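Laboratory data are not the source of any read-out in this text; all were calculated from the coordinates shown. Here the structure is a predicted model, which means the values were calculated and not measured. When we count neighbours, we look across all protein chains shown, and the Cβ atoms used for this are built from the backbone with ideal geometry, even at glycine.
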Amino acid sequence: MSDRIVGAEVILTSPTRNFVTLKVTTDDGVVGYGDATLNGRELAVASYLRDHVAPLLIGRDARRIEDTWQYLYRGGYWRRGPVTMAAIGAVDVALWDIKGKTLGQPVYQLLGGAVRDRVLGYTHATGWELPALLDSVRERTERGFQAVRAQMGVPGLDTVYGVFRDARAYEPAGRGAAPVEEVWDTDAYLRAAPEVLAGLRAEVGPELKLLHDAHHRLTPQQAARLGRALEPVDLFWLEDVTPAENQEALRLVRRHTTVPLALGEVFNTVWDCQRLVTEQLIDFVRTCVSHAGGISHLRRILQLAELYQVRGAPHGPSDVSPVALGASLHVGLATPNFAIQEYMGYDPLVHEVFPHAWAYADGHLTPGDAPGIGVGLDEELAARFPYEPAYLPVARRRDGSMTDW
Ligand code: GCO
Ligand code: MG
């Protein structure tokens, strides 16, 4: 038994939406999977892995997870960025999967064992107006959710990202050769959001954890105003109020509001998080296992955050595959300052393509006790759903200029 890597294959599949999966095989026939999905830029990561990483993996010792991480990160010269870090993340998760399978242990045991019995989850509710939003929230609480992200429509706009007028399951990335273009109006949003969220809180009572996502669209002053206006709603968090590049903005927001702030789903490394964490400008760091360099690097981010009482709350929409969700839950079970896992849920077909040991019950998620990560890939089924170009929508202001995402 030598644990040499003999195969590193990239598998693209689109069971209702696109996923990129790295499959690493050792000479003992042990297979590990990692998620390399980067919404709307899938082929870039697939090429990075196929053309530049897979050839370097062949012959390496699969047990040397940290060394492989360092080799790919430091050795690549061009550090950081979503494409690079998603690729490294996929390798890292696949190697943890292999290590767990080789040792016959679920990965959380290798991370020090469970510090909690289950991981709190939150899901998405959406409704154009308060009554529809309330129905959507109630449907989620009936399924046991104790934490719900609530997104509403904006009067005067035809569409709002992440909010659907009808009841169909929503998938933010739309298939097609180019993104759909939406119109966005921040002033109208700032009038609507506090009113709808206050109405929602009045209906659902004090206990339900309510979250809201502003998708990086506000200026620091608008964000401060929104935070202050939402204080009576007692949000669990207000997410991505300003674009993540201008980190100084959060200082201004903090000066004016005590609303808990979450940010970081677009971050890829501990260095992206460093300032917001060490200056305590956020309460929850949203980096996810697939986009931020895998289990090894997410742990590093969360350990830095722990020193500053910032808690982990990883990204988990439909573009984070069941493989990454499983990996995140192993981290969640074994990491003290892991607060909550986003769990948007998947189409039934996605559950079939990626059979998994992780499970949802009663508002919580557990990674399961299968060796490794505990998520497989039905390659035959996956092959029936080839990659199709799909993009998140983009939005323009009323004068035609692009908004921030
Ligand atoms: C969230 C997110 C998603 C992202 C999408 C990007 O909090 O779940 O903001 O809706 O926009 O996953 O790929
Ligand atoms: Mg978000």
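Worth pointing out:
- Overall form of the range 153-248 per C-alpha gyration tensor (a/c, 1.5; a/b vs b/c): oblate
- When shorter helices are ignored and each DSSP H run of at least 4 residues is given -39500 (n - 2.57), the per-residue value for the chain at 222 nm works out to -10500 deg cm²/dmol.
- Under the shape rule built on the C-alpha gyration tensor, where the axes satisfy a ≥ b ≥ c, the chain is prolate, since a/c reaches at least 1.5 and a/b is greater than b/c.
- Per-residue Cβ neighbour counts within 10 Å put Cys288, Cys273 in the sequence Cys273, Cys288, beginning with the fewest.
- Summary of packing: across the peptides 172-184, 91-103, 21-33, 135-147, the per-residue average of other C-beta atoms within 10 Å ranks them, highest first, as 91-103, 21-33, 135-147, 172-184.
- Dipole orientation for the range 110-370: of the candidates Asn246, Thr159, Thr186, Asn246 has the Cα lying most toward the positive pole (charges on Cβ; Lys, Arg +1; Asp, Glu -1).
- About the centre of its Cα atoms, the range 5-106 shows a dipole size close to 260 debye [charges on the beta carbon of Lys, Arg (+1) and Asp, Glu (-1) only; nearest 20 debye].
- Lys/Arg +1, Asp/Glu -1 at C-beta; the range 110-370 dipole; positive extreme among Thr366, His212, Gly312: Gly312
- Here the range 5-106 was treated as a single set of alpha-carbon atoms; its pair distances binned every 10 Å from 0 give 17, 51, 28, 4 percent.
- The calculated FRET efficiency for His256 paired with Arg175, based on their beta-carbon distance and R0 = 51 Å, is about 0.80.
- Dipole of the range 94-140, positive end: most advanced residue of Val119, Val137, Leu95 [Cβ charges, Cα centre]: Leu95
- Alpha-carbon centroids, the range 1-79 and the range 125-166: separation in whole Å: 37
- Cα shape, the range 99-211, gyration tensor, a/c 1.5 rule: oblate
- Beta bridges per DSSP with both ends in the chain, % antiparallel, nearest 5: 50
- Sorting 322-329, 336-343, 125-132 by their mean Cβ neighbour count within 10 Å, with the most densely packed peptide first, gives 322-329, 336-343, 125-132.
- Potential lengthening between Arg397 and Arg300 on full extension [0.36 nm per residue; Cα-Cα distance subtracted]: 31.1 nm
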